[in-house]
1. Just to check your reading of the model, which residue among 127, 151 is in the same structural domain as residue 234 (by TED's automatic domain parsing) and either out of contact with any strand residue (DSSP E or B) (no Cβ under 6 Å at 6 or more places or on another chain) or in a helix (DSSP H, G or I) (or both)?
2. Among (1) within 22 Å of residue 123 (Cα to Cα); (2) at pLDDT below 95, which single condition is residue 304 missing?
3. Counting just the residues of segment 262-287 that are farther than 17 Å from residue 200 by Cβ and out of contact with any strand residue (DSSP E or B) (no Cβ under 8 Å at 6 or more places or on another chain), which one comes out surrounded by the fewest Cβ atoms within 10 Å (Cβ to Cβ)?
4. Of all residues in segment 105-122, count the ones that are touching a helix residue (DSSP H, G or I) at 6+ places or on another chain (Cβ under 9 Å) and either assigned to a helix (DSSP H, G or I) or under 19 Å from residue 58 (Cβ atoms) (or both).
5. Does residue 19 fit the bill of being part of a loop (DSSP other than H, G, I, E, B), at pLDDT 95 or above and in the same structural domain as residue 186 (by TED's automatic domain parsing)?
6. Return the only residue of 195, 170, 164, 221 being touching a helix residue (DSSP H, G or I) at 6+ places or on another chain (Cβ under 7 Å) and closer than 19 Å to residue 27 by Cα.
7. Within segment 191-304, which strands (runs of 3 or more DSSP E) (wholly inside it) include 3 or more residues that are farther than 18 Å from residue 45 by Cα and either within 18 Å of the chain's Cα centre (by Cα) or without any contact (Cβ under 8 Å) to a residue 60 or more places away in the chain (or both)?
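The values are calculated or read from the model by the stated rules, or taken from the named source; none is laboratory data. Keep in mind that what you see is a predicted model, and the values were worked out from it rather than measured. Cβ atoms come from the backbone with ideal geometry, glycine included; neighbour counts cover every protein chain shown.
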């Protein structure tokens, strides 16, 4: 069980960067402007496995003794990242996903050689089944509430400040909180703008309650990636800070931002990855030079 004793630090992020260097891509940034406003786009959707999740998976699986098998549960992106990392590190993997997991993500998980198990209607139900299947020889890898996972995700934020040190805020999607927490660790005194859909807002609920609480995951175009019903304890401990801004966006705003990325830049990302841009376009967290993270592209759809 994870405890706050395990809280990762900026030093852990730096160590993770060295650990994952042979396996993860250093994704580029794009300096541009929209509506006359300067913005930096972090093109993390170009990451191996199609999302930032590979960073945390590789870091976590590289620490300690190699397990006989890794087991995890995911709405899709984390499972694909764990399956990909397991293939790179030659570890057998079993991935539990809810019945609602996008077919594109499920197909790619199976293509890595991992065993795919569909179970339940939600991520929480899939996670419960995955935990029940873990043996003494296995390692269960949570999607976000794990210090090595958070540190690995933070390497993306470290790349941002190394490439564009004048950035003063990083807009990032928040589900269970792993990416937002890792980003907060990596970017120093800059602001972390954690963006959630109105229908999936575990971070906002936790900040309002003063602790992680169970929330209802309502329908949203980004629910497959951001539909955590409860924020992780470790992410909460990191994000419960004056340097964190919690922002909600509507599905219509997400889809408009997704379409804009395609029309202006021919960047095809999944809805969750467009949520941070939606928040910035709506000017919900002003910044002089923001970086907007495009975190994944595993269920994108774009129409002409």
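1. Checking each option against the conditions leaves just 151.
2. Result: residue 304 fails condition (1) only.
3. Ranking the candidates gives 266 first.
4. Residues meeting the conditions: 9.
5. Criteria not met by residue 19.
6. On inspection, the qualifying residue turns out to be 170.
7. Counting at least 3 such residues, we get 191-197, 244-249.
The rows are residues; the columns are (1) touching a residue at least 12 places away in the same chain (Cβ under 8 Å); (2) farther than 30 Å from residue 168 by Cβ.
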{"position": "12", "(1), (2)": "yes, no"}
{"position": "22", "(1), (2)": "no, yes"}
{"position": "50", "(1), (2)": "yes, no"}
{"position": "59", "(1), (2)": "yes, no"}
{"position": "71", "(1), (2)": "yes, yes"}
